[in-house]
Each structure stands twice: as structure tokens, then as C-alpha cells.
Amino acid sequence: MAVPEGLTMTATTPAHTPAPAGKIPVTVLTGYLGAGKTTLLNRILSEPHGKKYAVIVNEFGEIGIDNDLVVGADEEIFEMNNGCICCTVRGDLIRIIENLMKRKGRFDAIIVETTGLADPAPVAQTFFVDQDVQDKARLDAVVTVADAKWLAARLKDAPEAKNQIAFADVILLNKTDLVTPAELREVEARIRGINPYATLHKTQKCAVPLDAVLGRGAFDLERILEIEPAFLEKDDHDHHHDHDDHECGPGCSHGHHDHSHDHAHHHHGGLKHYHDEHIQSVSISHDGDVDPEKFMPWINDLVQKEGPSILRSKGILAFLKEPKRFVFQGVHMILDGDLQRDWKNDEKRVSRIVFIGRDLDAEALRAGFLACAA
Amino acid sequence: MSNAQIQTLTDRVTTLAFDQHVLKAGFFGEQPFFVLADGAIHLGREKPALRPHDDAILVVAADQSRVVTGGDDGKVIETQPDGTTHILGDEKGRWIDAVTLGPDGSVAWSVGKTVRARDGKGKIRDLTVPSTPQGLGFAPKGYRLAIAHIDGATAWFPNMDAAPEKFDWKGPHLDITFSPDNRFLVTSMQENQLHGWRLSDKGHMRMSGYPGKTRSFAWSYDGLWLATSGAEAAIVWPFAKDGPTGKAPRECGIRPARVSQVAFHPKALVLAIGYEDGWVILVRFTDAAELLVRAGGDGTPITALAWDKDGKRLAFGSESGGGGLLTLPV
């Protein structure tokens, strides 16, 4: 059975154009102030890759960038008037990309550097909401540079820093030379407590191979599995999110869990198992098919209601009597989904979804998803 | 529209090739001009192209006697029919976001949240608006500039000290135009609709139902019709009497491709329509006859479309640099 007629992902989903071929890839660089975004940017630009980049920087930042095509942007965020309360986009980005696209053959890719305080969501949503942008460009990945020495402190006092970690497809844990191995493991565990799914690279001076940050296809439905081979592995220990990591005062009476699992986990590999106070990831899997007639209304309704607190979502689903895998991903209320390749004969039909968000009700999500089982 | 019914004018089209995105086409008298995104201005085919900017041209406005361009070099430059150029403004490398032309040699442009109006004598006045303007348009009478921005529009008399007048409507507004009779102000919006205000009482008009954004407007010569892009036909709203409220628009040139450019004939109710698949047709309002001007070319969107002053010739250009000149049979 195909996806039932009329059950497109949501009313807020723009028409999905499946062929990204020929679209200019856009990499979004985020990171809290001083983490090393400009270092990474200059590294990308100075490598002998033979590619030409258009770089969009925030005009209030220090511009020390040596590139042919640098555009200053004012990060003007506006709310779409489409009944979607968290659907904000970058108006300046729409305008700049529209203008850049008129320059035939002048560049191969676009890099957007955001201010340290920026929320990555409006940038990402711009690529799903504005059709003119969507026709010409595709979001490749959100790359977040984090400062190994200061990130832990920023996660406590700067919600922006936490958002940037939660939102990332690729995280560069930078300036590792400034911390001890124990401190490094600590901050890595903190990151994993927020976002276990991003690819993490530990770096000094943002030294990574360029293919670790560019050409990721992180928003490409066909590549969700390539990037996260462990995505479908059964891994259900991360759904209890009632553990706090705050500094407890004397009056604090909640149960304290040391919670240092040592089991081998694909991402966490022996790290201390933190759960962030506000931002969590929830992954739910069902060993079998789900009914699209139940799942589609549920997920649409969920993101309509909980969209503001759901930062990112992804899922690979076995739909009842459907030989192809249904893959979706989302940013807040915006969902993008499609049937992809066939399930292989030796492949177990497992349906799995993950959410990264703020104060998610893991049990309600679990119950809602499992009720969609076929 | 089926090909069997359509009359063709394709044998009266001179094909041109520019190899770069055509931002605007137009005429200085008999002489056609084409402005390209890579920075070239072609004034007549025999002469080499002018390149008044250091690099790309971002925005352009033109009338019968001048082309004014805003470049990514931050400069606003006027080019005259004989090829002489004057720098009207220099924003120190910041991108020029919008430019428009007004009466008596006036011009306005915007950069970030700053709007500058320059009158025919060269006096420049500035206005700062709360959000970056997307579109600018002068009123048909008087030295009055309308500015489209987030959550509405602002109308400003640059040479008067009175506070600018606000026209509120929530949401991001893109391009803006006054009706030729100076009774209505119309904007296109990010959310695929138009919004309008009656200037007399700020009464609202909402014109919706577009599948895409409207990025091209054209008023008929008698000022009674506003043609718009953004749908699989040119949507033409009636502005006689009280405007389009409660009235259905005309849909001209329905095709399986979205309209990207519209241009009304300067003397007759004939609309030139350019499509995203590179087609150009003419539609005559009196009998709904359709005349084919270009059957696709290289298949990229028509990005520039303009009649000459007498309506004898039509110039067009496309995203990939295709172009042409239609000369109507006399």
C-alpha cells in the first residue's frame, strides 16, 4: 500500500521536490561566541579543493575572511503568517540566496555563518518554507563548533549554545588541547546527553577533513541511513528523561543517579550518561509495521501541537503492505517525508523515530507512536 | 490553451543570446537594452556592453531615459541612453536591496533598514524603517515613496517633514505598487498573496489563492487592471471603482507552467505573459485571443519582459540568458 492519498506530511510542508541534483548545497555554521567558527570557515576556504564558495556572514561579526564572494547578512528573522507559531525564517537569507543564484557558475556551494547567539532553526526552516530558495538550494548540514573548555559552562547559562548542539548534524568539539582527557570526556558526555545522533569530531584549531563538514547530505532523505548507520539499531535505554544534571542544593530531594552505564553503545562508547535538564533526545522503535492511516495523522497533529518544543525529528518506518521504506525528517513543525528504497529481503522491518527537543514528554511520545503499530 | 488554436508571432522574433541571467529588458526610444546579473548592460547590439559596477548587478529599475542599477559593490549607478554613467549613491560595499524610479528624475534605493530618496536635483533624504525593505515604489503623482517591509508598508514624502504614514498588515511584504490613479497601494507577500489598501481610508483588500509568490506586477494603460505573476495563468485583478474586493480576477493564458513575468501593452488591453518554462505569449482582452511569441526557448524562466513606448516591440530575457525582440506586424 502506498501512502494514502491526501495524507501528505502536513499542511505546512511545501511541495517536496525529490531530485536535489543541480541544487546548490548550503552548509550552516553555528557555534557559540569564540568557539572557532571563523577558524573553521577560513580552513574550509583555504584548502586546495578547487571549489568556489559564496560565504554569508553576519554583518555584525568580525569579518576576517579571505574569499571572493562574502555577503553581509543582518539575520532578520520573521514569522510566517501560515498559522504555524514557530515557523520563523530568515528574510535576508531568502533575498541573498535569490540574488546569488543569478550568478551562473560563480560558486559551487554556499556557507552560512550565523552569529554566536543565533538559533539555527530559522536558517534551516528557510530552506523548507521558501519555495524559490528550495528550488535552487538545499540544506546540506548544520555544523556546530563547540569550545571544549567553555561549552559545559555555556550549556548552563546560554540556551543558544544548547540549541546549537541539539540542532547539529555535525559537531566539532574544538580546542581539545586546552582541556584534560577527563574534562574532554565530561564535555563529550554532556553533548551526547543533548544530541546523541550528530557526528562528533574532536579537533584542535578546527582541523578536520573537509568531507567531515561539507557534502554531508544530512537533510537528504536518501542519506539519513548512510550517515547514521546505527539509526535502526535497537537502542532503547535513552528514553527516561527524568534525570537532572543540575547542581543540587541542600533542599534538593530527587533521586540522584550516577547513571554511568558502561555498556557498549554506538555513540556513547563508555561515556558517562548525562541527561540534560531541558533538551533531550527520545528514540522509539517498534519491531514491525506501522499503519500509515494512524501514523500520518498522529505525527502531523504532534508537530502542530508540540512543534515549538521539537527541534529536530527523523524516522524510518515500515508501513503496512508497503515494500518501500518511508523516511521523514523535520524541523519544528515542518516535516519532509517520502518513500525511499525497498526493504531488503534480509532486513528486519523495524519502525523507528527519534526526536530532539525541549521538555519532551517521552512517555506520551512512546504511547502515541506505539498506538500506530499495525 | 492548445497549440492548434494559437496564432503565432514567432517568425517576427529576433532571437538574442546573453549567456547570463537577464534582470531587465527595456527600450530607450527605438533602442532595446538588456541588464544582466553579471553586471553587463547591453545598449544596442553593436556596441560592447557597459559594466558600470565592479561586479554583479543585484537590482535594476528603468524608464524611457535611464537605467538605474544597484550592485553588490554597494553603488547605485544611473546609465543614460548614450552610455554615460553617474554614481548616485555609494553604500560602501553593502548590497543594494531595492531600487525604484520616480517622477522628474527622482530615484530611491534601500540598503539594510535605510531607505534613501534622491530627488531630481540630487538632494538625498533618508528614512529608517523597522525591518529591511523588500520593495519600493513611487506614487504616480507627487514625490511620495511607498516602502514594503515586514508587517506592512510605509508611505513617505521625502521632501516633507511630516511623519511617514503606516499601512499595517501582519506578515512579510515583498514588492509594492501604487495604482496609476493613486487610489490603491498593493503589495505582494511572502505567503503567496497580495495585499492592498485603499489610500482614502486604509481599507484592506486581500487577493489570495496563488500557488507561488507574485514577483511581477503590471498595470493596464487605463489603470483599471493589475496583472500579476505567481500562478499557472496571469491573474488580472479589476481595479475599477472600489477595487477587486468581492470580484473574481481574470485568468489569462492558462498553461501548465507558472507565470513569472507580466507586461501590459502601453496602449491596448493586451498582456504579455512570460512563463517559468520559457514561453512568452500575448493575450488580447477584447476577444481572449492568444498569440505565441516564444515556445520555450531553453526552458528556463522568463525573467525580463517589457514593451517599448508605442507598444510596437516587446523585449524579453530568461534566467539562462536567452532573449528576444518581437516586432509586431504594423
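The values are calculated or read from the model by the stated rules, or taken from the named source; none is laboratory data. As the structure is a computational prediction, the values presented were derived from the model and not from experiment. Note that we place each Cβ from the backbone using ideal geometry, even for glycine, and neighbour counts take in every protein chain shown.
Taking B:I87, is it assigned to a strand (DSSP E or B), modelled with pLDDT of 95 or more and crowded, with 21+ Cβ neighbours inside 10 Å?
Details: assigned to a strand (DSSP E or B): yes; modelled with pLDDT of 95 or more: yes; crowded, with 21+ Cβ neighbours inside 10 Å: no.
So B:I87 does not fit the description; no.
Could you give me the residue pairs with C-beta distances under 6 Å whose first residue belongs to the range A:273-286 and is within 7 Å of A:G193 (Cα to Cα), whose second residue is surrounded by fewer than 23 Cβ atoms within 10 Å (Cβ to Cβ) and basic (K, R) wherever it lies, and which are 6+ apart or on separate chains?
Listed pairs, sorted by first residue: A:Y274/A:R190.
Can you name the residue in the range B:48-106 that is under 21 Å from B:L174 (Cβ atoms) and polar (S, T, N, Q) and, of all such residues, is nearest to the chain's Cα centre (by Cα)?
Ranking the qualifying residues of the range B:48-106, first place goes to B:T100.
How many of the residues making up the range A:81-94 are at the interface with another protein chain (Cβ under 8 Å from one of its Cβ atoms) and surrounded by fewer than 21 Cβ atoms within 10 Å (Cβ to Cβ)?
Number of matching residues: 2.
Among (1) closer than 24 Å to B:W307 by Cβ; (2) modelled with pLDDT under 95, there is one condition B:D72 misses while meeting the rest; what is its number?
Among (1) closer than 24 Å to B:W307 by Cβ; (2) modelled with pLDDT under 95, the lone unmet condition for B:D72 is (1).
Are any of the residues in the range B:15-36 within 14 Å of chain A (Cβ to nearest Cβ), on the phi > 0 side of the Ramachandran plot and modelled with pLDDT of 95 or more?
Among the residues of the range B:15-36, not one is within 14 Å of chain A (Cβ to nearest Cβ), on the phi > 0 side of the Ramachandran plot and modelled with pLDDT of 95 or more, which makes the answer no.
Among the numbered criteria (1) β-branched (V, I, T); (2) at pLDDT 95 or above; (3) in contact with a Ser or Thr (Cβ under 6 Å, 6 or more places away or on another chain), which single criterion is violated by A:I356?
(2)
Exactly one condition in (1) at pLDDT 95 or above; (2) under 22 Å from the mean Cα position of the chain (by Cα) is not met by B:D126; state its number.
It fails just one condition, (2).
Here are some residues: A:L139, A:L151, A:L178. Which one is of a type in the set (A, V, I, L, M, F, W, C), closer than 27 Å to A:L335 by Cα, more than 14 Å from chain B (Cβ to nearest Cβ) and out of contact with any His (no Cβ under 7 Å at 6 or more places or on another chain)? Step through it out loud before you land on a result.
On the way: A:L151 fails: closer than 27 Å to A:L335 by Cα; A:L178 fails: closer than 27 Å to A:L335 by Cα.
The unique qualifying residue is A:L139.
Sort out for me the strands (runs of 3 or more DSSP E) sitting completely within the range A:1-99 that have 2 or more residues that are at pLDDT 90 or above, over 30 Å from B:R215 (Cβ atoms) and not assigned by TED's automatic domain parsing to the domain that holds A:M333. I'd like the intermediate steps shown before the answer.
Numbers: elements: A:24-31, A:53-58, A:69-73, A:77-79, A:88-90.
Here the list reads A:24-31.
Quick one: in the range B:99-122, of everything that is of a type in the set (K, R) and outside any loop (DSSP other than H, G, I, E, B), which residue is nearest to the other protein chains (Cβ to nearest Cβ)? Show your work before the answer.
In the first step, residues of the range B:99-122 are kept if they are of a type in the set (K, R); the result is B:113, B:116, B:118, B:121.
Still in the list and also outside any loop (DSSP other than H, G, I, E, B): B:116, B:118.
On the way: B:R116: 17, B:R118: 22 Å.
Only one residue fits best here, namely B:R116.
Among the residues of the range B:222-245, is any assigned to a strand (DSSP E or B) and of a type in the set (K, R)? Don't jump to the end; show me each part of the working.
Here is the first cut: in the range B:222-245, the ones assigned to a strand (DSSP E or B) are B:225-228, B:234-238.
Right, trim to of a type in the set (K, R) and you get none.
Checked against the condition, which is being assigned to a strand (DSSP E or B) and of a type in the set (K, R), the range B:222-245 yields no hits at all.
All but one of (1) surrounded by 19 or more Cβ atoms within 10 Å (Cβ to Cβ); (2) within 21 Å of the chain's Cα centre (by Cα); (3) over 24 Å from A:I94 (Cα atoms) hold for B:K24, so report the exception by its number.
Every listed condition holds for B:K24 apart from (3).
Out of all the residues in the range B:144-162, which are out of contact with any Ser or Thr (no Cβ under 6 Å at 6 or more places or on another chain) and of a type outside the set (A, V, I, L, M)?
Correct list: B:R144, B:D151, B:G152, B:T154, B:W156, B:F157, B:P158, B:N159, B:D161.
Please enumerate the residues belonging to the range B:294-330 that are of a type in the set (S, T, Y), away from chain A (no Cβ under 13 Å) and buried (at least 24 other Cβ atoms within 10 Å of the Cβ). Spell out the reasoning first.
Taking the range B:294-330 and keeping what is of a type in the set (S, T, Y), we get B:300, B:303, B:318, B:320, B:327.
Add one more test, that the residue is away from chain A (no Cβ under 13 Å), and what stays is B:327.
Those that are of a type in the set (S, T, Y), away from chain A (no Cβ under 13 Å) and buried (at least 24 other Cβ atoms within 10 Å of the Cβ): none in the range B:294-330.
Evaluate the following for B:A231: is it within 14 Å of chain A (Cβ to nearest Cβ), under 19 Å from the mean Cα position of the chain (by Cα), over 22 Å from A:D92 (Cβ atoms) and not polar (S, T, N, Q)?
On the way: within 14 Å of chain A (Cβ to nearest Cβ): yes; under 19 Å from the mean Cα position of the chain (by Cα): yes; over 22 Å from A:D92 (Cβ atoms): yes; not polar (S, T, N, Q): yes.
Yes; evaluated as a whole, the condition is true for this residue.
Give me a count of the residues in the range A:100-130 that are within 13 Å of another protein chain (Cβ to nearest Cβ) and modelled with pLDDT of 90 or more. It would help to see each step written out before you state the result.
Of all residues in the range A:100-130, those within 13 Å of another protein chain (Cβ to nearest Cβ) come to A:100-107, A:122, A:125-126, A:129-130.
In the following step, the residues that additionally are modelled with pLDDT of 90 or more were identified as A:100-102, A:107, A:122, A:125-126, A:130.
Selection size over the range A:100-130: 8.
Might you let me know whether the range B:249-267 holds any residue that is within 14 Å of the chain's Cα centre (by Cα) and of a type in the set (F, W, Y)?
yes
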